[in-house]
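Below is one structure; the comments refer to it alone.
Values quoted throughout were computed directly from the atomic coordinates according to the rules given, and no laboratory measurement underlies them. For clarity, every value in this text was computed on a predicted model and none was experimentally measured. Counting neighbours? That spans all protein chains shown, and the Cβs are built from the backbone with ideal geometry, glycine included.
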Amino acid sequence: MRPAVERGGLPVWAGLVLAACTASGTAPDAEDVALGAAVDALAEQALAGGPIAGLSVAVLRGDVLVLNEGYGAADRERGIAATADTVYDIASVSKLLTAAAVLRLVDERLVRLDDDVASLLAAFPNRDQGRRITLQQLLSHTSGLADYEEADTERVLADGTPLTTAFVLEFLRDRPLEFEPGSRWSYSNTGFYLLALVVEQVTGRSFGDYLREEVTMPLGLAATFPCDDDRLPDRRARGYRARDGGLVPSLLYALPDLLGDGGLCSTAADLARLPTALQNSGVLSKASLERMRARTRLPGGVAVDYGLGVRRGTLDGRPLWGHTGGQQTYWSTVAAYPRDGVTIAVLVNTDGAPEDALTIEGNVARLVLGLGAAQLRELAPSRAELRACSGRYGNAADSIRIFSEGGRLLREVPGGNRAPLPLLYQGNGAWGRADYPMDRLVFHTAGGRTVGLSEYYNGVFATYRHALSGGED
């Protein structure tokens, strides 16, 4: 699923960080008890401030699962509570596993990253386009292919048309590329749907079978599989949407027949184990794992914090990698902090809630890492900095306008119903926002001019927009 672009609401804190920041020298068990109590309180506040039906949180430190809990309801109608064993739709976190499946094929020398799509996928409808698009470009969202979900997901749901391979391929048949492959970055679920089809064509197995036999089972992820309402029904979270202060069943929560870009279900514990398992299991070579986690470089030298099926970022200077998933808001987040030996996974079964999985993960991370509440400075930008950042920035999904007023920089969505958002200068091309103090906008320059910007939510890379115009004041 595509990343949410606009968000509302405030993170819950209420002094919880202090509860988990124990004094130096405290025994590990006591630290974990304090952490558990603080996360319990944070989750309960998120539920109370919802509406949120249920959520599960897992924290791995080293190779030990120090926290694994569920809160609220997995299925309100059946009276099933959310627990540590609840299975959720992980949405676009599935892309991590799809990328691992493709890189497994690379390690087996069945495909190469520079292979073109036309040579690997006989059903690809536009052969000229397919010859110009590589596997690496599909994996890094630099293919130029339109995102089928941007235009058609709502229609498919509304009229009952099933999401099928034929539907996705027909969507692409006469549709031009949105940019020359490799020249820009724009999130496209289409690319990952095609990657699953490539896996099937190359191996002669269903994507689900290949993923289970070559990736999830060797990684030890026994509770990770293609979503199936008939599998583990008493552990399966039902999806909800927050609406008018209440909850209604969500059609967007579990689209049938998703491949590659979503469609997998898992537990918080399995997701928390995933990064360490990729590191230690031998499922991927060291070279493939490093390439998976490396930045994507665009022409002109811009390095985008997305690898191959991996979102990157930093939280208060601590590197992280993982992925997010959802629709209007995030249902799922997994974030590994390699310098700290910590991985956190959060799963939520409610779309549109003010506290989504990414926000909760960021709050939990601050508890686990003992960071304290996020702090924002407000440095005084120069007139030249204000001028350099001002302009319009866009990708295939949307555009935003950045402009200066009264010595400050503001962000707005043209045609949107929100007032322009003031940005606070943090130095080194980075800007923050008071309502989400962990978020950042980072402007990229090349050849003495601003060429694009990256947005980070709670430290996690969300999207890149290239400059459509500049020099406004």
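Which of the peptides 316-328, 57-69, 133-145, 228-240 is most tightly packed, and how do the rest follow, judged by the mean count of other Cβ atoms within 10 Å per residue?
Ranked by mean Cβ neighbours within 10 Å, highest first: 133-145, 316-328, 57-69, 228-240.
So what is log10(I(q)/I(0)) for region 40-173 at q = 0.12, 0.17, 0.22 1/Å, when the Debye sum runs over its Cα atoms only? Debye intensities relative to I(0), on a log10 scale: -0.77, -1.03, -1.28. Applying the Kirkwood pairwise sum to the alpha-carbon positions of region 90-234 produces a hydrodynamic radius of 16.0 angstrom.
Just subtract the alpha-carbon distance of residue 109 and residue 392 from 0.36 nm times their residue separation and send over the number in nm, one decimal. Don't skip to the answer; put the middle values down first.
Details: separation 283, 0.36 × 283 = 101.88 nm, distance 4.31 nm.
My answer for the length gained is 97.6 nm.
As a rough footprinting exposure proxy, the listed residues 330, 71 were ranked by other beta carbons within 10 Å of their own, and the order from fewest upward is 71, 330. Gyration tensor analysis over the Cα atoms of region 383-470 returns equivalent ellipsoid semi-axes of 16, 15, 15 Å (largest first, whole Å).
For region 62-120, place one equal point scatterer on every Cα, skip the solvent, and apply the Debye formula. What is log10 of I(q)/I(0) at q = 0.26 Å⁻¹? Per q value, in the given order, log10 I(q)/I(0) is -1.09. How many angstrom separate the Cα center of region 206-226 from the Cα center of region 271-333? Cα centroid of region 206-226 versus Cα centroid of region 271-333: 19 Å apart. Taking packing as the residue-averaged number of other Cβ atoms within 10 angstrom, the listed peptides 215-223, 168-176 run from highest to lowest as 215-223, 168-176. Annotation: extensible slack from residue 209 through residue 180 equals 7.1 nm (criterion: 0.36 nm per residue apart, minus Cα-Cα distance). Within region 293-350, the trypsin sites (Lys or Arg not before Pro) that combine a DSSP coil assignment with at most 14 other C-beta atoms in a 10 angstrom radius are 339.
For region 371-407, the set of trypsin sites (Lys or Arg not before Pro) satisfying both a DSSP loop assignment and a count of at most 10 other C-beta atoms within 10 Å is given as 377.
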